[in-house]
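Working notes, beginning with the structure itself.
The values are calculated or read from the model by the stated rules, or taken from the named source; none is laboratory data. Note that the structure is predicted; figures quoted are calculated from it, not measured. Glycine also receives a Cβ, built like all others from the backbone with ideal geometry; neighbour counts cover every protein chain displayed. To get the accessible areas, we keep the full protein, side chains included, count just its heavy atoms, and leave off ligands, DNA and RNA. Shrake-Rupley method; radii C 1.70, N 1.55, O 1.52, S 1.80 Å.
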Amino acid sequence: MAGIGFELRKLLRKDNLLGILQAYAYAGVIGSGPWVLSIVGILIVGMLSHAVVVPNFLVTQFQVSVTYLISASLIFTGALQLAFTRFVSDRLFEHKDTLVFSNLNGILLVTLMAAGAVGMLLALTLFSGLAVVYRVLMLAGFALMCGIWIATILLSGLKMYRQIVALYAVGYGIVVASALLARPWGLNGLLAGFVFGQFVMLVGMWMLTAWDFRSPQLVSFEFARRESRYPSLMWIGLLYNVGVWADKFMFWFFPYTSDVIIGPLRASVIYDLPVFMAYLFIIPGMAVFLVRIETDFVEYYDRFYEAVRSGGSLEYIETMRDEMLYAIRQGLLEIAKIQTIAVLVALVAGPAALRALGISELYLSLFYIQTVGASLQVGLLALLNVFFYLDQRRIILWLCGVFLVSNLALTALTLRLGAPYYGYGYALATLIALAAGLVMLDRRLDRLEYETFMLQ
């Protein structure tokens, strides 16, 4: 999210209550907009289709199919997302803007072909017993979503935050409208509406990049050169995405917590809805994270390294380091405060929210612990962001590995212990990774001047 701080600082400079509210609202929309729109869009399609699509189980099949498309495409492209963003950032730093669009076409070509090949293999094997139309739509949806994640993270790196949110709003608006129009065709109609919305989004992102980064060359594969691969970033992207989805997949394929929904796809009713609801409660934390980390921290970060490069006095460098450290602590503290309030709101509003969605209150404890886990994940994201600024990729890689392994091991343990412990695996895994990251950050900042000067 580097670069959003400029917009936020402009709003905060108004120095009044309206400016502060605008900054936090802007940060909340930018930080959470795409995935909130995705969750809300799919929920709306499901809620408005229950009275029309008969039997209602087809709506569940649609929502589960889309959830698998999202999770599988995120993991499939995880290794490419950060590495490609770094490649583009380096080219922009070198003032080689014309390489952006041609390499986007190159990576989209590779991604779509690979996604198409894997999707085709699955369609002919695991999904072979299902209708051809359903398999074609799933294949198209998977390939399109893989392209969308690549384009989304590229536009994030290019600081086009408003355009991203606008495209997601338009795309999921089209998903809802076209899926509702196609409801009479059941599962295939709903899925066709979803695929059409994704297609519009991907084309919109592609045209936006083509317009802003015109290039004489249509396709380039420079991003695939050995010196441009950034293996550590590839592993970070893969491990983080697998870590986030590991507990969900385990619940989906554990016989006592899941049911067969369609073909090889299974879902866990007791786990999925509380998880998605919990993620809606991290919007305030994401807003605080962007405002505090991307403004205060980045401001002193820039001053610190500028002083180092320009030969500033030791006293000034130490002052900037202390201010940077203070900004990090304040940012993490404010995230903790606002997410504590969010958890308290979840405790109060949880029963009514579950009743409104027709979910049994037996799932309340799982919803609460998932909200705590999602809140901890905001803190972990903030911490990883700080390490990215300090270019500590080994530490980030290690933390993502700890998060993944902990999530796998602890979720397996909770599945063995039984229903009262469901959800604790993900929450504890996030807590472990966050605590380890805080300890490492403290040590790293204590040696910041030494390591900075030794690397000059």
Which one is farthest from Ile270 (Cα to Cα) among residues in the stretch 338-362 that are of a type outside the set (A, V, I, L, M) and touching a Gly at 6+ places or on another chain (Cβ under 9 Å)? Gln339
Conditions: (1) modelled with pLDDT under 90; (2) of a type outside the set (A, V, I, L, M, F, W, C); (3) open to solvent by 40 Å² or more (accessible area, probe 1.4 Å). Pro351 meets all but one. Number of the miss? (3)
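The rows are residues; the columns are (1) surrounded by 16 or more Cβ atoms within 10 Å (Cβ to Cβ); (2) more than 21 Å from the chain's Cα centre (by Cα).
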{"residue": "Val386", "(1), (2)": "yes, no"}
{"residue": "Asp391", "(1), (2)": "no, no"}
{"residue": "Trp398", "(1), (2)": "yes, no"}
{"residue": "Leu404", "(1), (2)": "yes, no"}
{"residue": "Leu408", "(1), (2)": "yes, no"}
{"residue": "Glu451", "(1), (2)": "no, yes"}
How many of the residues making up the stretch 34-68 are modelled with pLDDT under 80 and more than 16 Å from the chain's Cα centre (by Cα)? 16
For a quick check of your reading of the model, give me the residue pairs whose first member lies in the stretch 443-456 and is at pLDDT below 75 and assigned to a helix (DSSP H, G or I), whose second is surrounded by 15 or more Cβ atoms within 10 Å (Cβ to Cβ) and of a type in the set (Phe, Trp, Tyr), with beta-carbon atoms closer than 6 Å and at least 6 apart or on different chains. none
Are there any pairs with C-beta distances below 6 angstrom linking a residue in the stretch 95-106 that is more than 16 Å from Trp211 (Cβ to Cβ) and touching a residue at least 12 places away in the same chain (Cβ under 8 Å) to a residue that is part of a helix (DSSP H, G or I) and among the polar types (S, T, N, Q), with the two at least 6 apart or on different chains, and if so which? none
Looking at the stretch 119-130, which of its residues are free of Cβ contacts under 8 Å to residues at least 60 places away in the same chain, surrounded by 13 or more Cβ atoms within 10 Å (Cβ to Cβ) and over 23 Å from the mean Cα position of the chain (by Cα)? Met120, Leu122, Ala123
Conditions (1) over 17 Å from the mean Cα position of the chain (by Cα); (2) open to solvent by 40 Å² or more (accessible area, probe 1.4 Å); (3) closer than 30 Å to Ala346 by Cβ: number failed by Trp206: (3)
Among the residues of the stretch 69-83, how many are at pLDDT below 90 and polar (S, T, N, Q)? 1
Based on this model, can you work out whether Gly331 counts as within 23 Å of Gln377 (Cα to Cα), assigned to a helix (DSSP H, G or I), in contact (Cβ under 8 Å) with a residue 40 or more places away in the chain and touching a helix residue (DSSP H, G or I) at 6+ places or on another chain (Cβ under 8 Å)? yes
Those helices (runs of 4 or more DSSP H) lying entirely in the stretch 84-189 with at least 2 residues of a type in the set (Phe, Trp, Tyr) and modelled with pLDDT under 90: 161-181
Report, ordered by the first and then the second residue, all pairs with beta carbons closer than 6 Å, sequence separation of six or more or different chains, a first member in the stretch 211-234 that is without any contact (Cβ under 8 Å) to a residue 24 or more places away in the chain and open to solvent by 80 Å² or more (accessible area, probe 1.4 Å), and a second member that is basic (Lys, Arg) and in a loop (DSSP other than H, G, I, E, B). none
For the stretch 360-384, which residues satisfy the criterion of being open to solvent by 20 Å² or more (accessible area, probe 1.4 Å) and either of a type outside the set (D, E, K, R) or in a loop (DSSP other than H, G, I, E, B) (or both)? Ser360, Leu362, Tyr363, Leu364, Ser365, Tyr368, Ile369, Val372, Leu376, Leu381
If Leu397 satisfies all but one of (1) over 30 Å from Val269 (Cα atoms); (2) modelled with pLDDT of 90 or more; (3) touching a Gly at 6+ places or on another chain (Cβ under 9 Å); (4) of a type outside the set (Gly, Ala, Ser), what's the number of the condition it fails? (3)
List every residue pair whose Cβ atoms lie under 8 Å apart, where the two residues are 6 or more positions apart in sequence or sit on different chains, the first residue falls within the stretch 401-425 and is more than 18 Å from Val242 (Cβ to Cβ), and the second residue, located anywhere, is surrounded by fewer than 16 Cβ atoms within 10 Å (Cβ to Cβ) and modelled with pLDDT of 90 or more. Tyr421/Leu413
So, in the stretch 69-107, of the ones that are more than 30 Å from Ser268 (Cα to Cα) and aromatic (Phe, Trp, Tyr), which residue ends up nearest to the chain's Cα centre (by Cα)? Phe84
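Is it fair to say Pro420 is surrounded by fewer than 18 Cβ atoms within 10 Å (Cβ to Cβ), touching a Ser or Thr at 6+ places or on another chain (Cβ under 8 Å) and either more than 29 Å from Ile236 (Cβ to Cβ) or not hydrophobic (A, V, I, L, M, F, W, C) (or both)?
When the stated conditions are applied, Pro420 passes them.
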